[in-house]
Amino acid sequence: MSDQEGGKGSPKSSSLGPYEEAMEALSSLITRRTRADDSNVGDQFSLLYDYLKMLDLEEPIANMKIIHVAGTKGKGSTCTFTESILRNCGFRTGLFTSPHLIDIRERFRLDGMEICEEKFLAYFWWCYDRLKEKTDDNIPMPTYFRFLALVAFKIFAAEQVDVAIMEVGLGGKYDATNVVQSPIVCGITSLGYDHMEILGNTLGEIAGEKAGIFKNRIPAFTVPQPDEAMHVLEEKASLLNVPLQVVTPLDAKLLNGLRLGLEGEHQYLNAGLAIALCFTWLKRTGHVGDIYMEQTDTLPEQFVKGLTSASLQGRAQIVPDQHIKSERSNELVFFLDGAHSPESMEVCARWFSLAIKEYNPDQTLFHQQLNNSKLSHEVVKSTYHGERGSQRKSTPILLFNCLTVRDPQLLLPRLMKTCADHGVYFKKALFVPSLSVFNKVGPQAFTPTDSKVDLSWQFSLQRVWENLMQGSKGRSTDIVSEELKDDMEMSASNCEHSTVFSSLPLAIKWLRDRVQQNQSVRFQVLVTGSLHLVGDVLNLVKK
């Protein structure tokens, strides 16, 4: 790691700190995403093997004990559970996931912690400088995600992890992580419609892309899938002599009264898959004797600890706003979930509907004071229904954005209907543009508000929402309290049920102002539609 210097490609670099300089170099690798087959010059899958040679990574990857996971929904959660279980079994773990929410280093975890800045910069420049030196017109610099995957392999090899858990970025067959020739075990999480512009228009086509991670005779596991997808997975597995098994959701009773570290009913499915991956990894690497496991009756203590202590930002995460200075804190609470497909939108809506009924800030304060998570139900109940709790009425607000490749006509109705089925009706929907600049990463990507920002997509989202609200008139939708109509001069477009803001900071400022002016209202804000939006909100709210 001696050639850490270098990479001073930017003429402005002298004014940047070391980390900003690395982010500037990384930003230069961002290109439009395309299907990485062999028709795109500069994006051919075969180029990855050239990069591995340049970085001397072929042998280290061949020796790595890798768990490889693809899927549409639940990849990040499954990988997080898997890493947590094996770390609690005493192994040194490396975890590569995407996307990051605030800092690029979130993608590279060693023993459950994101890599420190010093190590990240050393490995980053080692890879970047070597590739800069050896690439040319025929073999150009790798694109953004490919470069990050290469850095991950370098980190895990140099840090000598016992297990590397690699989450596929997009698809499977042509994903940068699929340079792995001999993983220990593969997993396919729930499949659905996503990135259809790249992966195909049918579940069968999408399943075919994901099954591209299957390797000859290497065991693989999946969860129950729609028939069309399952047929393709089974067919691909058969061609490669892959023993493919379907796992069932984890039985909650095996957690000995504890709860999964990641919230939501769907996480029992991801946990079941993670258990199968870990058990197979232990068996195939000769460690099964250390941690005996009879899957049907009990779970080893290390598995239970791993499952119940796992954590993942931006998925079913509850964050009270830290900025409201008031003796009654938690009057503005953000419920964050990066759902962005129709199926995950429904799961998110179910989670939010139950979470706002269960979540009680006064209870949280008691938790903190007593430092005891096993607070009795009676105390919780009396606090919740006590004088302070009953004086404030809850106001559900939606804060939404999604990428233009998504179809809001599929996402928003699923969200609204599932919430309505649980008796939850949004008093207002706020639509904002993305704050992150897509051709930048790192701190400089978090730009000040730009008055010239194009809001045409947000107006489209607003029209979809207003039409949906008109269609569901007669329920609680017309109870837009007066305080929500006040002071809308900072908005770009204010309709009866929704508002477009020209920036996220303006939307959050509006929410904070409402809270200060309406002490009787507790705002419960569901932030969803995009992990980019979730990351931007976390960045602003947790500062």
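The values are calculated or read from the model by the stated rules, or taken from the named source; none is laboratory data. Owing to the predicted nature of the structure, the values given are computational and were not obtained by experimental measurement. Quick reminder, even Gly has a Cβ in these numbers, built from the backbone with ideal geometry, and neighbours come from all protein chains shown. Ligands, DNA and RNA are stripped out before the accessible areas are found, and what is left, the full protein with its side chains, is counted by its heavy atoms. Shrake-Rupley method; radii C 1.70, N 1.55, O 1.52, S 1.80 Å.
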**Prompt:** Computed over the Cα atoms, what is the radius of gyration of region 51-133 divided by 2.2 N^0.38 Å, N being its residue count?
**Reply:** 1.20
**Item:** Length gained when the stretch Glu58-Ser493 is fully extended (0.36 nm per residue, less Cα-Cα span)
**Value:** 151.1 nm
**Item:** Gain in span if fully extended, Ser472 to Cys116, counting 0.36 nm per residue against the direct Cα distance
**Value:** 123.2 nm
**Complete:** Among Lys283/Lys305; Lys210/Lys305; Lys132/Lys236, the pairs whose Cα-Cα distance exceeds 27 Å are Lys210/Lys305; Lys132/Lys236
**Message:** Quick check: Cα centre of region 243-259 to Cα centre of region 199-241, how many Å?
**Reply:** 22
**Fill in**
Percent of all Cα-Cα pairs per 5 Å bin for region 39-309, counting from 0 up to the last occupied bin, reads 1, 6, 13, 17, 19, 17, 13, 8, 4, 1, 0, 0
**Fill in**
Per DSSP, the loop-located trypsin sites (Lys or Arg not before Pro) within region 52-150 having at most 16 other beta carbons within 10 Å are Arg92
**Prompt:** With each pseudo-label sitting 7 Å past Cα toward Cβ, what's the Leu403-Ser46 distance in nm, one decimal?
**Reply:** 2.8
**Request:** From largest accessible area down, sort Trp351, Trp465; use a 1.4 Å probe on the protein chains.
**Result:** Trp351, Trp465
**Message:** If packing is taken as the average number of other Cβ atoms within 10 Å across a peptide's residues, how do 405-412, 514-521 rank, most packed first?
**Reply:** 405-412, 514-521
**Request:** Pull up all non-local amide H partners of Thr395: gap of 5 or more, or a different chain, and H-to-H distance under 5 Å with H placed in the peptide plane.
**Result:** Arg522, Phe523, Gln524
**Item:** Antiparallel DSSP beta bridges within region 39-309, as percent of all bridges there, nearest 5
**Value:** 25
**Request:** Please sort by residue number the trypsin sites (Lys or Arg not before Pro) in region 229-264 whose DSSP state is loop and whose Cβ has at most 14 other Cβ atoms within 10 Å.
**Result:** Arg259
**Message:** Which of rounded, prolate or oblate describes region 213-264 when judged by the alpha-carbon gyration tensor and an a/c cut-off of 1.5?
**Reply:** prolate
**Item:** Phi-based couplings in Hz for region 263-269 (Karplus 6.51, -1.76, 1.60; Gly and Pro marked x)
**Value:** 6, x, 4, 5, 5, 5, 5
**Asked** How large, in percent, is the carbon and sulfur part of the accessible surface of region 39-309 at a probe radius of 1.4 Å?
**Response** 47
**Request:** With a 1.4 Å probe and every protein chain left in place, work out the accessible area per residue of region 39-309 in Å², rounded to a whole number.
**Result:** 39
**Message:** For Lys452, project a label point 7 Å along Cα to C-beta. Then give me every residue of region 490-508 with its amide nitrogen under 18 Å of that point.
**Reply:** 502-503
**Fill in**
Once amide hydrogens are built 1.01 Å from N within the peptide plane, the residues lying 5 or more places from Ala429 or on another chain with amide H under 5 Å from its amide H are Leu398, Ser498, Thr499
**Prompt:** With r defined as the distance between the Cβ atoms of Glu265 and Asp421 and R0 fixed at 25 Å, what FRET efficiency is calculated, to the nearest 0.05?
**Reply:** 0.95
